[in-house]
Amino acid sequence: MLSVSYLPLPTYAVGVRSRLHRMNELMCFGSDDVQVIGISGMGGIGKTTLAKAAFNKFSDRFEGTSFLENFGDCCKKPEGKVHLQRKLLSDISRRDDILFNMEDAMEKRFRNKRVLVVIDDLEDLTQLNSVAIDLSCFGPGSRIIVTSRNTHLLWQLGAKNIYSPKELDYGESLELLSWHAFRASEPPEAFLQLSEKLVEYCGGLPLAMEVLGASLFKRSISEWETTLQRLKNIPEDNIQAKLKISFDGLSQVQKDIFLDLSCFFIGMEKDYVSCILDGCKLYPEIGLSVLKERCLITVRDNKIVMHNLLRDMGRDISRNKCGKWSRLWDPDDARYVLANDYVNGTGATKGLTLKVEDPATEILEVKAFSKLPGLKLLQLSNVSLSGSYAHFPKDLRWLYWLGCPWDSVPINLHLRNLVVMDMQYSNLKRLWDNQEQPQFLEHLKHINLSHSVHLTETPNFSYLPNLEKLVLVNCKSLVLVHKSIGTLHKKLVHLNLKGCTELGDLPSELYTLKALETLILSGCTKLERLDDALGAMESLRVLKADYTALSLFPSSGDQLKNLEELSLDGCKGLWKGKSPLAAVSLPFSFNRLGCLKTLSLGFCGLSDELVPVNLWSMSCLEELDLRGNNFRNLKTDFAGLLSLLVLKLDSCFELQSMFSLPKTLRSFYANDCIMLERTPDLSECVALQALYLTNCLSLVETPGLDKLKRVGVIHMEMCKRIPHTYIERIMQGWAVNANGGIFIPGCSLPDWVSFKNETNSISFTVPETRELDPVGFTVWTPYMSQQNNQMSEYSPKITLKNQTKGTVWSRKPATDQIRMYHERHIWQGHFLNEDFNLETGGQIEVAVDFGDQLTILGTGLRLAYNGHDQSVARVSHEKKSKFHLRSRL
């Protein structure tokens, strides 16, 4: 029933349950003031894991939630502060398209919201101030959980309750170790004594047991004994040294991968990092798997993630006591090395990262890099260099230069070993000054010049024979893709030209790219045609050409047998001026696209006659987007789409009727179809989970909807022509079995609603019953707004106070934000008793909260009983008399 995202916890989260019970006490849910709850302790003790568990457990009690992971680190990254601000606002408002001022948001948007915010790994108060987060600006009842290694910092924040999780006890430690070392809750008899000794050395620190346990998985007794012998020589409080044993057990190649990750690549895409590591001959496919198996890294959403304690260990190894930096990750160290004529050991430096806040005031000499001949990894942000590049390091594999000031790459800069060139937001006009005689970069696989708004042309690709990925997003001055791109026909797999608004044509050689899997042309507003040779791109899986000027789509398109996603939103020119008789070939026949899963033809100006035929033959299609078109009577047999899960017809303003819907459908969107009079029969859409018919002003019938009792969300705001008796039938059956929310026009509650009140809450005593157990309850709330046709900032929420037990529960239905209207509407939500555990005699208060943008006009409630008539689930008149109702003043 939760509307928030679930945060993944470690696979073996031993000891979390008891600590979560303590967190429940510290949250003080009976208090309406804003409270800060601190979680303090050393790295690896489980602060973040506990914060995630608490977030998952308590999120449904709040109107808005946000988990700001690795807050301290994020503050230090380019655009990190803006990222945190946007995440906080979008999480709580549940919208991604908001332009905002953070201070204004804190003052106005959050002032009346009861929110749960987790600030993970805060390092100092200036970080909060720099992101403009004021903890006092959240609404009454808000809770802010802050994790930090600094207990004093938590007191400074005003934390009334600070929880310092203790080390795991012996039993928990042994169990955690066993799960990682043996994939069982306890060790085999032969390893019991060795496990006990290892637990003793780990001192109850979860991270140490996870890492060491994973490193000993499938190891022999002798290897266990060797590890324990080495642990004896490490001081008890030196946790990093204990973790380093796992590092020491890696091969040299795996050690190099770990150190590179810890210094440069945390949070980056796995595929991107793998390309760089592969170019350094570090064999990432095996190495990353080993690091993951040993709990030294995790991969989340295809991004590399590492625990801060492990990161710090890796960075400490890279900067040892002798001043021999293998990787310069600290800006002060980097400046020291670059500013001094001689530094011991810099010849062994493999990587350097440096960010400059104001490039106008800090200009470095190029010759400073000449003392780093072994440099392979270079990451610069807004750095300006002056001088000749003749003696610049010649073994670079990764060049990341955000905001590079060059007009073109210096001719004397040696890049012949480069694997990845990432120079976003650069001033480049062209890659090479002399396009006819550029450097031959045979190892280069990945180029990203996105947001380089002065770039006018791509390089000559014949000098880049192994390029696999080219990303030129929002290069708004780009007018030419070099014809030599055809030389990459066996290599290039990803080409992204999104937002290249001046690009009017593509070279014919582009269509010879046999290996290309992804082609993105969306927003190339001057692009008018694609060559008929498109069909020869046999590996193409994703083709996006939204809002281009295409007037013709090649008939060979049906030869793209591996295509999985095709998006042509806003391409009105493909159908403009075409006669109905041409519909058969517009844009081409789909019956041969056997792998297509997603098709988007929104806002294309399609009419009934111009609907592409043979849609029914697309047996693998899962999502079809036809929004914003000019249909009137859709006679397409959608029931023939046997795999379709999502159908979108929003804003088809002329649509009056449809022929059919598939049985497999899970989500049907037809919002703002103001002429739609009747939906297809819904009775066989047994998998339907969400139905969106908001603002269908002419709708009079939704046959079969009253028979679907498990649809999670039904939006029918402003559908005022549907008979009231039919709406009541929908509400009656749905209330017992479903959960989520129904939104319908109206102001009066049905007669069979057991209890009604004119405020936003109801109090009652759970009655005694014979052989009937409450399985849940349904709530009805009439509401209206002063705003019209606007989205609210958050979804409905109910709060249940069990005054007998002294517990408080909040739940958000599985629905999105409410669209507000001046007219009166009713929201109906159903909640299962397994969440609340109502018992006979319990004194209960249920309150509904829609926020300050909507006015609640009353509340209705009915208990549902096991074994009762499921169609109505009435409570008898005699039992109703035992309820004591009182208004909430």
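Among the listed pairs 445/483; 476/572; 76/255; 87/218, give every one whose C-alpha distance is greater than 30 Å. Result: 87/218 exceed 30 Å. The residue list 247, 519, 229 was ranked by how far each Cα lies along the charge dipole of the chain toward its positive end, using unit charges on Cβ atoms, and 229 comes out on top.
For the range 138-201, what is the convex hull (Cα atoms) projected area averaged across all directions, in square nanometres? Spell out each step's value before the answer.
Working: hull surface 27.0 nm².
Its average projected convex-hull area is 6.7 nm².
If the only charges are +1 at each Lys and Arg Cβ and -1 at each Asp and Glu Cβ, what is the size of the charge dipole of the chain around the Cα centre, to the nearest 20 debye? Walk me through the intermediate numbers first.
Values: 102 positive and 104 negative charges, 75 e Å.
So the dipole magnitude of the chain works out to roughly 360 debye.
Here, the range 408-447 has an Rg and a Dmax of 10.1, 25 Å when only alpha carbons are counted.
Report the charge-dipole magnitude of the range 413-485 in Debye, nearest 20, computed about the Cα centre from +1 at each Lys and Arg Cβ and -1 at each Asp and Glu Cβ.
Details: 7 positive and 6 negative charges, 27 e Å.
It comes to approximately 120 debye.
In the chain, the DSSP-assigned H stretches of four residues or longer account for a calculated mean residue ellipticity at 222 nm of -6000 deg cm²/dmol, using -39500 (n - 2.57) per stretch and the full residue count as denominator.
Stokes-Einstein, applied to the Kirkwood radius of the chain over Cα pairs at a viscosity of 1.306 mPa s and 10 °C, places its translational diffusion at 51 µm² s⁻¹.
Once the 1.4 Å probe is applied to the protein heavy atoms, the chain comes out at 42 Å² accessible per residue.
Average 1/r across all pairs of distinct alpha carbons in the range 278-424, invert it, and you get the Kirkwood radius: 16.6 Å. Structural descriptor for the range 158-257: relative contact order 25 percent, calculated from alpha carbon pairs under 8 angstrom and at least 6 residues apart. Using a Förster distance of 45 angstrom, determine the FRET efficiency expected from the C-beta separation of residue 152 and residue 759, and round it to 0.05. Result of the calculation: an efficiency of 0.50.
Using the Cα coordinates of the range 168-295, the gyration tensor eigenvalues translate into equivalent-ellipsoid semi-axes of 29, 15, 14 Å, sorted from longest to shortest. Could you work out what % of the accessible surface of the chain is carbon and sulfur, using a 1.4 angstrom probe and leaving DNA, RNA and ligands out of the count? The nonpolar share, carbon plus sulfur, comes to 48 percent.
Summing charges over all other residues whose Cβ lies under 9 Å from the Cβ of residue 280, with Lys and Arg as +1 and Asp and Glu as -1, gives +1.
Given a cut-off of under 8 Å on Cα pairs at least six residues apart, what relative contact order in percent is computed for the chain?
Details: 2170 pairs, mean separation 52.7, N = 889.
Answer for the chain is 6 percent.
The residue among 634, 863, 352 whose Cα reaches farthest toward the positive pole of the charge dipole of the chain, with charges on the beta-carbon of Lys, Arg, Asp and Glu, is 863.
Taken about its Cα centre, the range 346-479 carries a charge dipole of roughly 360 debye when the Cβ of each Lys and Arg holds +1 and the Cβ of each Asp and Glu holds -1. Loop-located trypsin sites (Lys or Arg not before Pro) in the range 208-311 (DSSP state other than H, G, I, E, B) with a sparse environment of at most 10 neighbouring Cβ atoms within 10 Å: 218, 232, 281.
The values are calculated or read from the model by the stated rules, or taken from the named source; none is laboratory data. Owing to the predicted nature of the structure, the values given are computational and were not obtained by experimental measurement. With ideal geometry, Cβ positions are generated from the backbone for all residues, glycine too; neighbour counts draw on all protein chains shown. Areas reflect the complete protein model, heavy atoms only, side chains present, ligands, DNA and RNA absent. Shrake-Rupley method; radii C 1.70, N 1.55, O 1.52, S 1.80 Å.
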